[in-house]
Each structure stands twice: as C-alpha cells, then as structure tokens.
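Beneath this line is the structure, given in structure tokens, with notes to follow.
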Amino acid sequence: MLHHIVLRVIAKFIIPVIMVFALYVQFHGDYSPGGGFQAGVIFSAALILYGLVFGLDNVMDVLPADLLKTLAAVGVLLYAGVGFETMLLGGNFLDYDLLAERATEGQHLGILLVELGVGITVASVMLLLYYAFVGREVDR
Amino acid sequence: MIEVAIDVILLAFMAVVALAVVRMHDLFAVAMLFAVFSLLSAGVFTVMDAADVAFTEAAVGAGVSTILMLATLTKTGREERHIRSAVRPVPLVVVFTTGALLIFGTSDLPRLGDAEAPVHTHVAPRYLEQSEEEIGIPNVVTSVLASYRGYDTLGETTVIFTAGVAVLALLGLRRRRRTARTEDDH
Amino acid sequence: MRFLQLYNYEIAIFLAMVGFYVVVSRGNLVKKVTGLFIFQTSVFVLYISMGVVLGGSVPILTEGAQRYSNPLPHVLILTAIVVGVATTAVALALIVRIKEAYGTVEEDEIHQQDQYF
C-alpha cells in the first residue's frame with residue numbers, strides 16, 4: 001500500500017476538516033446557505049473518502065451498518081416527534097410556536113431540531129448506500 | 001451584464017457536455033461528464049442567486065451520485081455496445097416535436113427577471129416580509145423549508161429513508177468475516 | 001426578438017430534449033440513467049430561471065437589500081434534488097441486480113432472454 005501514501009496522508013488531514021465543515025453548515029443554516037441536507041451529504045462524503053482510501057472493512061468498523069440503520073430511523077422519528085410534541089402541547093402538527101415561551105424562540109428550537117433530524121437521516125442513508133453498492137461481491 | 005454573459009457561457013458548456021454524453025461509448029467517461037454537468041449546473045444556480053440549491057446540487061450531484069454511478073460501473077462493465085447507425089430517425093423526430101411544442105408553450109412566459117411577474121407577487125412577498133417577525137431567522141429558504149412548508153420536508157425525509165430501505169432490500173450488506181483480517185486486499 | 005429574452009428557458013428545454021433523446025435511443029441501461037439525470041437537472045434550471053428577479057439578491061435577509069429572489073422555487077428544487085438522488089440510487093441498485101440475473105445491461109439482449117420463457 002506504499003504507493004497510496006500520498007492519499008493516506010492527505011485523507012488524514014482532510015477528513016476531520018470536512019466533518020467540522022459539515023457541522024458548521026448544519027448549525028449555521030439559519031444565517032447562511034446551508035441546512036440539514038447539505039450537511040448530511042458533506043458528512044457522509046467525509047466518511048466515503050475514508051472508505052475509498054482505507055478500505056471498506058475499516059469504515060464498516062468505524063460506523064457499523066446496524067448503527068447506521070438505527071440512526072436513519074432516529075432522524076425521521078426526531079422530525080415526526082417534534083410534530084407530535086406540538087400536538088401534545090395543544091396545537092397543530094408541527095406548530096413550532098408552542099415549543100418555548102415566545103413564538104420566535106419556539107420557531108428557532110423547532111427548526112434546529114428538525115434540521116438535525118434531517119441531517120442525521122441523510123448522512124446515514126448516503127453512507128448505507130455506499131456500503132450496499134461497494135460491498136456487493138462481484139462473481140463473474 | 002457580466003452575469004448574463006456568465007450564464008450564457010455556462011449553459012453553452014452544459015449543452016456541449018450533454019451532446020458529448022450522447023456520443024460517447026466509454027461509460028467511465030460518461031460518469032465523469034455526469035459530474036461535470038452537475039458542477040456546471042451548480043454554477044448556473046449560483047449566478048441565478050440560488051445559493052442553497054447550488055450547494056445541494058454540487059454536494060449531491062457531483063459527489064454522491066457520481067460515486068454511486070462509478071460503483072455501478074465496476075459491476076456492470078465499462079463499455080457500451082457499439083451500434084451501427086448512431087442516429088435513429090424515429091426518436092429524433094419525437095424529440096424535435098416535443099422540443100418545438102415546449103418552446104411554443106413557454107413563449108408567452110414573462111421576461112426573465114421581471115419583478116412584476118405573477119409568480120413573484122402572490123405568496124413570495126408575504127413570506128419575505130413576514131418571515132422576520134414570525135420566525136426571526138435571516139435565511140428565508142430555511143424558514144420556508146423547515147417551518148412554513150415543514151410538512152413537505154417531513155415527506156422528503158421519509159422518501160430518503162425509503163430509498164435507503166429499498167437499496168438495502170435489493171443489494172444487502174456485506175457480512176463481516178469474523179476470521180483473520182490481517183490480509184486486506186484493498 | 002421575444003426569444004432572446006427567454007434564452008434560459010430555451011437552453012433548458014434543449015438540454016431536456018438531449019436527455020430525452022439519450023433515454024429513448026440508447027439501449028444501455030446505465031446510459032439511460034445518465035440521460036434521465038440530464039433531463040432532471042435541466043428541469044431544475046428551468047424552475048430556478050423562473051425565480052430570478054433582476055436586481056435582487058440571494059434570499060437571505062440582510063440590511064440594505066431591497067429586492068430578493070423568489071425563495072419558493074429554491075425550496076421546491078432542493079426537495080427535488082434530494083428525491084432525485086434517492087430514485088437514481090434505487091435505479092442503479094436495480095441495474096446491478098439485472099446484471100447479475102441476466103448477465104447484461106443492454107436492453108435488447110435482456111428482451112431476447114425474456115422471450116425464451
């Protein structure tokens with residue numbers, strides 16, 4: 001594997017930077033272009049890069065497929081859970097005004113939680129797609 | 001004026017790339033042109049003031065879609081079978097007729113960028129004006145996506161989840177071998 | 001003269017027709033998926049062109065900006081892009097399974113094999 005050494009060194013520098021950038025895009029989506037979808041895809045791109053350079057077995061050790069399946073469901077349930085929470089507090093489905101004292105704070109909290117749910121689901125599903133496609137044995 | 005020039009140049013590049021995809025037989029090159037097409041469209045979206053859309057198109061189209069297409073090509077083979085006559089008459093006639101009808105149909109749309117067009121005067125000003133006091137975050141696209149039209153975004157998240165479930169049902173995951181992992185043939 | 005003011009729409013329709021031609025006239029399934037992607041992306045260009053406002057800025061509320069571009073097509077196309085990648089992934093997974101079942105991804109060879117049943 002010595003002929004891949006340039007790739008390995010550069011990947012070790014860049015992967016944490018990509019992950020931090022994904023978190024920045026996720027939480028700064030209120031003030032600049034960004035949000036849950038973009039952040040989820042960028043985060044999964046960091047892990048796909050790790051899988052391309054270091055091998056599929058290594059990336060499946062870092063994030064096992066069972067954990068990803070659970071996380072994908074957790075993201076959707078977080079989103080729907082916020083909706084049901086507002087119904088339990090007496091309003092309509094996904095009516096964020098009721099989540100805090102003032103309406104705008106409730107909206108902020110609701111949008112934050114909802115975008116987090118979207119980001120978690122998108123990141124786990126993109127990584128699961130990569131695992132499924134690349135892990136398929138070629139029998140020719 | 002410079003924006004119009006950039007816009008026309010990028011769209012011309014996209015047309016050239018699309019025509020190259022028609023003509024090429026090496027599918028690896030077609031996958032690379034796929035990524036180039038998606039990146040050029042992200043450029044067009046940026047020139048047309050759609051920053052969120054450009055971000056998503058660049059990440060999704062030039063990133064994840066290209067990876068999946070290359071992974072498919074490792075399983076299905078790299079060459080498209082050559083056909084003798086490259087231009088078929090019947091599809092060409094169908095495509096020309098559809099294109100002519102569409103251009104005729106869009107010929108009485110309002111001029112590009114017209115601020116008095118009907119699409120800009122009904123719902124959009126209400127969102128742009130009321131978003132500051134009702135929601136209070138500067139990014140109007142996020143506030144429309146997550147709050148005003150939040151129910152659609154829930155449906156979209158469910159679609160992504162369903163696509164993940166469908167691909168897992170079709171392809172499955174590799175069972176990790178519990179035996180020796182010392183020889184790694186990657 | 002009217003056509004020169006609508007050039008974005010026309011180029012988007014031209015790109016859509018090129019993608020349509022790839023889907024209809026080529027037999028390789030992976031190339032058909034590429035044609036569908038070209039068609040999809042050119043429809044997105046058409047929609048975003050409808051949302052442009054001359055003299056407007058990105059729809060992020062800032063001090064001192066009078067006009068903003070219409071945010072509603074942006075939201076619609078964001079959703080459409082992500083749904084598009086989901087359907088493309090499922091289509092590519094189906095192609096991998098077809099290759100394993102039939103041994104080929106050319107459309108007429110698949111039809112020939114099906115006729116023997």
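Every read-out reported here was derived from the displayed coordinates using simple, explicitly stated rules and does not represent laboratory data. Here the structure is a predicted model, which is why all the values come from computation and not from measurement. Don't worry about glycine lacking a Cβ; one is built from the backbone with ideal geometry, like all the others, and counts go over all protein chains shown.
Structural remarks
- Computed from label points 7 Å out along Cα-Cβ, the spacing between C:Asp114 and B:Met24 is 2.9 nm.
- Within straight-line reach of C:Lys31, meaning a Cα separation under 16 Å, sit the following aspartates and glutamates at least 8 residues removed in sequence or on another chain: B:Asp26, B:Glu79, B:Glu80, C:Glu106, C:Glu107, C:Asp108, C:Glu109.
- The chymotrypsin sites (Phe, Trp or Tyr not before Pro) of the range A:1-46 meeting both criteria, a DSSP state outside H, G, I, E and B (loop) and at most 15 other C-beta atoms within 10 angstrom of the site's C-beta, are A:Tyr31.
- Of the DSSP H helices in chain B, those with a Cα length along their own long axis of 27 Å or more and a mean Kyte-Doolittle hydropathy reaching 0.0 comprise B:2-23, B:27-47, B:150-171.
- A DSSP coil position with no more than 15 other Cβ atoms inside 10 Å describes the following chymotrypsin sites (Phe, Trp or Tyr not before Pro) in the range A:71-129: A:Phe93.
- Its Cα gyration tensor gives the protein assembly as shown an equivalent ellipsoid, and the semi-axes of that ellipsoid, as √(5λ) in whole Å with the largest first, are 36, 32, 19.
- Stokes-Einstein diffusion coefficient of the range B:1-80, Kirkwood radius over Cα pairs, 20 °C, 1.002 mPa s, in µm²/s: 161
- Alpha carbon centroid spacing (whole Å) that separates the range A:80-110 from the range B:1-28: 46
- The Cα center of the range C:80-117 and the Cα center of the range C:1-71 differ in position by 27 Å.
- Rounded to 10°, Cα long-axis angle of helix C:29-50 versus longest principal axis of chain C: 10
- When the Cα atoms of chain B are aligned to their principal axes, the ranges along those axes come out at 64, 50, 31 Å in descending order.
- Exposed-loop-free span, longest in chain A, where GluC sites (Glu not before Pro) count as exposed if DSSP calls them loop and at most 11 other C-beta atoms lie within 10 Å: A:1-100
- When the convex hull of its Cα atoms is projected in every direction, mean area for the range A:2-134 (nm²): 9.2
- Amide H partners (placed H, <5 Å) of C:Asn28, local residues excluded: C:Glu107
- The GluC sites (Glu not before Pro) found in the range C:1-101 that occupy coil by DSSP, while having at most 14 further C-beta atoms within 10 Å, are C:Glu63.
- Between B:Val94 and A:Tyr24, the FRET efficiency estimated from the beta carbon spacing at R0 = 51 angstrom works out to 0.60.
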